[in-house]
Number of protein chains: 2
Amino acid sequence: MAKAETPSPEELMKLDNFLCFAIYSANHAFTRVYKPLLDELDLTYPQYLVMVALWEKDDQTVGSLGEKLFLESSTLTPMLKRLEAMGYISRVRDRADERQVRVRLTEIGRALKEKASTVPLGIVDATGMEPAEIGRLKKEIATLRASLLR
Amino acid sequence: MAKAETPSPEELMKLDNFLCFAIYSANHAFTRVYKPLLDELDLTYPQYLVMVALWEKDDQTVGSLGEKLFLESSTLTPMLKRLEAMGYISRVRDRADERQVRVRLTEIGRALKEKASTVPLGIVDATGMEPAEIGRLKKEIATLRASLLR
DNA sequence: AGCTATTAAATCGCGTACGATATAAATCGA
DNA sequence: TCGATTTATATCGTACGCGATTTAATAGCT
């Protein structure tokens, strides 16, 4: 019986057959969908992800945020400074270990969670997918990410 | 019988349940996997995607490249200038329509395709997935992208 | 205690990425 | 044909994102 064939090098070199490109362009597409929703909150898409991480667990170090978001301190530090300047978070050196910086929500930052509560529905809507289907795809991609980072 | 329930707002607000975050972080993961492979070619990951598009179809305008890659001229113009400075492509105003810039591979740029031919295999390998599975996932994500851009 | 190694953030340089705007060329209409 | 509109790139300002390096603080070892 016919086995699945290894794709020819020609087929492998077509942009539209690249899984990485699908992900690359879907990521940009998400950014565009989020833009109008996040403009209301004065957040960029990456900033929003940081806020989501903090709403889920307040008082984290730069390092632990970086682990969760898969970002380096060289990316986070400037972003966090902007969020601080906007009054959404505070950045304070840890008294017990002065190497670490503790990132905490301000009252305003915490309150923003309510205002942001309608965002996920808007996104789910834009995907045109059922929640269960979204969950399955999300899981598959998270598994892929884990393989890539191995 | 039990129907799939709509997730609670609490569940919806957890970072690890975000499809967008899975894609966002998988995209970064791909960038990291590509890095060592593309260093050999002196290309960044986005530059590589442009080259792939040109290897597939030479002599394109900035606009048509942008459509295929979902990028704006404000992103492409500087990128293309770098690829031109590296000697991989040429940028020439179209004689018939001076508004357009035709992007063409140089001999060196064309030759680079051979050197890049082993890259896709390395990536497939890093995904830990079967080609058929990769194709299916790629298709799902492309469909998602289309929904988001609708 | 004192020296070394490690760790956590921050800084720097470079390359995307986009929205808004500018510039220049082609098209369209009266 | 000429003026207004549209189209194709380019430019500018802002914000990621990372690798390499720096700085400062802690941990670890003798």
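Points to keep in mind about this one:
- For A:Thr118, inter-copy separations between label points set 7 Å beyond Cα along the Cβ vector come to 5.5 nm, shortest first.
- Neighbouring Cβ atoms from other chains, within 10 Å of the Cβ of residues in B:68-78, number 2 on average.
- Helical segments meeting 15 Å axial Cα length and Kyte-Doolittle 0.5 threshold in chain A (DSSP H): A:45-56
- Segment A:40-83 and segment B:103-146 have their alpha-carbon centroids 31 Å apart.
- Put in line by how crowded their Cβ is, counting other Cβ atoms within 10 Å and starting with the fewest, B:Thr127, B:Thr118 read B:Thr118, B:Thr127.
- Three-way shape label, the protein assembly as shown, alpha-carbon gyration tensor, a/c 1.5: prolate
- Taken over the alpha carbons of segment A:77-150 as equal point scatterers, the Debye sum produces base-10 log I(q)/I(0) values at 0.12 Å⁻¹ of -0.63.
- Simple label model, 7 Å out from Cα along Cβ direction - A:Glu56 to B:Lys81, nm: 4.0 nm
- Approximate shape of segment A:28-67 as ellipsoid semi-axes (Cα gyration tensor, √5λ), whole Å, largest first: 22, 11, 7
- Segment B:Glu40-B:Val92, length gained on full extension (0.36 nm per residue, minus Cα span): 16.0 nm
- Hydrodynamic radius by Kirkwood, which averages 1/r over all alpha carbon pairs of chain A, in angstrom: 18.0 Å
- Positive-end ranking of A:Val92, A:Phe30, A:Leu12 along the dipole of chain A, with charges on Cβ about the Cα centre, is headed by A:Val92.
- When Rg and the Kirkwood Rh are both derived from Cα coordinates, the Rg/Rh ratio for segment B:34-114 amounts to 0.95.
- The relative contact order of chain A, computed from alpha carbon pairs under 8 Å that lie at least 6 residues apart in sequence, is 17 percent.
Each reported figure results from applying straightforward, stated rules to the coordinates on display, with no laboratory input. None of the values given here were measured: they were computed from a predicted structure. Don't worry about glycine lacking a Cβ; one is built from the backbone with ideal geometry, like all the others, and counts go over all protein chains shown.
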